[in-house]
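The values are calculated or read from the model by the stated rules, or taken from the named source; none is laboratory data. Fair warning: this is a prediction, and the values are worked out from it, not measured in the lab. Ideal geometry is used to build each Cβ from the backbone, glycine not excepted, and the neighbour counts take in all protein chains shown.
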Amino acid sequence: MKRVLALVVLAITVTAAGLVLAGGGATAATGRDTYSSCLKHAQSTFDMDQCVGAERQRLKPLLAAAYNKLLANKQRRHLIVASEKAWLAYEKRDCSYAGSAAQGGTLQPIIQGECLVSRTRTRIRDLKEFAAPLGR
């Protein structure tokens, strides 16, 4: 169990560090630094779960803002709505699979949550790119 926990903590820390290096706005970087620090200082799976939950809450309005910006284009609205439905189904299944590596264990929700954080960050980045003018 200790080895699995150590591997999960390492994977989460590496993922969080990689996301920090990937760039983004000052607010995004600050949020990632806080999240990374939270995970680094977590003393238990409960603490790690709290870090994941807080980061997911922080990302929610960022995702909503990026999505809502695309909804403003009435001609293409149906496309982004269909895309978002498909994305949510993918995200749920993908992260469920990721968590299944620790099926029934205390690490399962941590792994699933970290997956959801990662996928949400990717989705925010993609939605922002969709909103950017062509040729930029």
Polar (S, T, N, Q), modelled with pLDDT under 50, out of contact with any helix residue (DSSP H, G or I) (no Cβ under 6 Å at 6 or more places or on another chain) and closer than 18 Å to T120 by Cβ: does that describe T27?
-> yes
Residue satisfying all of: in segment 95-129; aliphatic (A, V, I, L, M) and under 15 Å from the mean Cα position of the chain (by Cα); nearest to D49 (Cα to Cα) among these = I110
Selection from segment 62-96 of residues that are free of Cβ contacts under 8 Å to residues at least 12 places away in the same chain and touching a helix residue (DSSP H, G or I) at 6+ places or on another chain (Cβ under 6 Å) | L71, R77
